[in-house]
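Bear in mind these aren't lab numbers, they're just calculated from the coordinates by the rules spelled out. Please read all numbers here as calculations on a predicted model, not as lab measurements. Note that each Cβ is placed from the backbone with ideal geometry, even for glycine, and that neighbours are counted across all protein chains shown.
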Amino acid sequence: MDISQALSALEALSSSTSTSSSGPLNALIDIHFNNAKSRILAGEDPKVVITELQKNVKTCKKDVEKGLKAWYGALGNVGKEVDRAFPPNLGAISEALSDPPLFSSPEASQALDGVILESLGRRGIWEAVEAMEEETSQSYSRSKRDLSSELQYIIESIKSSNLQPALQWCETNSRFLSSPPHPSSLPYHLHETVFKSINNQQDAIKYARSNMMGYVPSQPVLKLITSCLYDSSNSISSSTNGFGMNGSGMKGKLMNGKIIEDLNEAKEREKLEKLNELQKMFQSEFCRLHQWSKEDSLEVTVELGSRGGTLDKIEKARRVMGEHLGNVRKWEELPMEVPLPPSRRYHSVFVCPVSKEQATESNPPKMLTCGHVIAEESFNRLLKGGRRSVKCPYCPMETSQSVAQRLYF
């Protein structure tokens with residue numbers, strides 16, 4: 001069978017009443033529906049009429065599906081004959097099937113070594129870093145090594161409930177942490193954790209007055225100080241004493257001990273969760289200060305590829321669509337949607353809301369004090385006329401040229 005024969009068979013189906021879906025549907029509407037209506041109006045039992053009509057609908061459905069099956073078969077034959085008559089480019093097929101090992105080129109291998117070395121350095125695994133430096137031509141700079149050691153030392157201190165190194169770091173970099181457009185709340189949360197760990201109420205209030213009163217405008221400091229005057233654990237203990245006593249009071253004591261034990265476990269869990277949160281907050285601010293990426297790029301890649309299942313979906317698409325779309329490494333866009341968690345949805349393109357132009361390396365996005373973002377060229381145009389600050393196009397807040405921060409997407 002060639003293309004002309006396949007097309008002739010398809011045209012024959014179009015002129016045949018047996019394979020047309022309109023024939024059974026017209027018969028259902030014009031004959032069976034009208035007949036059922038007339039019988040019901042004539043006084044016949046509606047239940048019997050509706051039952052017969054349902055049978056006719058099912059018969060019509062089968063006739064339509066039978067006709068569509070013939071159409072699908074004829075369309076498939078046409079597609080096969082088109083593929084035979086117009087063979088694809090053999091060069092494109094060989095290129096699509098060629099699948100050299102990953103990171104085989106010198107540039108790709110060097111990039112992979114750099115990412116691994118950076119990840120090991122950020123984690124402070126210095127023996128592995130030294131081994132990588134010996135095996136590759138790359139090196140981890142002394143300045144980065146010192147910063148990574150400082151980061152790991154403070155994080156380990158937070159894990160062990162020693163917040164003093166983190167507080168000293170915040171005091172040293174207080175100007176950066178308090179600078180607009182988004183001042184950091186890390187110092188307050190560190191002081192809050194220390195405050196809650198002080199058992200003596202007077203000492204706790206004294207600590208708050210010395211270290212936390214500057215956060216009153218933005219944080220619930222007064223509410224926190226007031227809350228320490230009420231000890232919930234003592235209240236529960238006193239209210240439980242005598243509950244359910246049967247002469248000896250043994251049941252009340254047992255219940256009281258169980259409640260105290262549960263409270264201690266809850267407090268311990270809350271403490272661990274708070275320390276974990278402080279670790280993440282500190283690492284984020286530390287990386288922001290030194291202009292490091294917020295997260296380890298190797299960790300993000302492994303998490304999305306393995307636990308997120310992204311590599312499985314791409315590999316399946318490569319097998320199914322590789323012959324038509326070419327080598328997967330040359331795809332500019334994925335041919336399917338890959339579900340990602342909100343924290344992993346990165347925006348690589350920014351369009352300035354003022355100029356309606358896409359940002360580039362020479363025209364990067366800049367964030368104003370108020371949090372709105374515009375392109376650098378739009379920001380510079382607003383600075384014309386000798387102005388020292390720019391009024392945001394969307395709100396009345398002004399931003400000086402030295403405060404505007406470049407964003408990296």
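Are there any trypsin sites (Lys or Arg not before Pro) in region 338-409 that are in a DSSP loop and have at most 14 other Cβ atoms within 10 Å? List them by number.
Sparse-neighbourhood loop trypsin sites (Lys or Arg not before Pro): R345, K356, K384, R387, R388.
For the cross-link pairs K144/K206; K159/K223; K47/K69; K274/K366; K144/K366, which exceed 29 Å when the distance is taken from alpha carbon to alpha carbon?
Values: K144/K206 39 Å; K159/K223 27 Å; K47/K69 33 Å; K274/K366 33 Å; K144/K366 27 Å.
In this structure, K144/K206; K47/K69; K274/K366 lie more than 29 Å apart at Cα.
Using a cut-off of 12 Å between alpha-carbon atoms, which aspartates and glutamates can reach K294, once sequence neighbours fewer than 8 places away in the same chain are excluded?
By straight Cα distance, K294 reaches E285.
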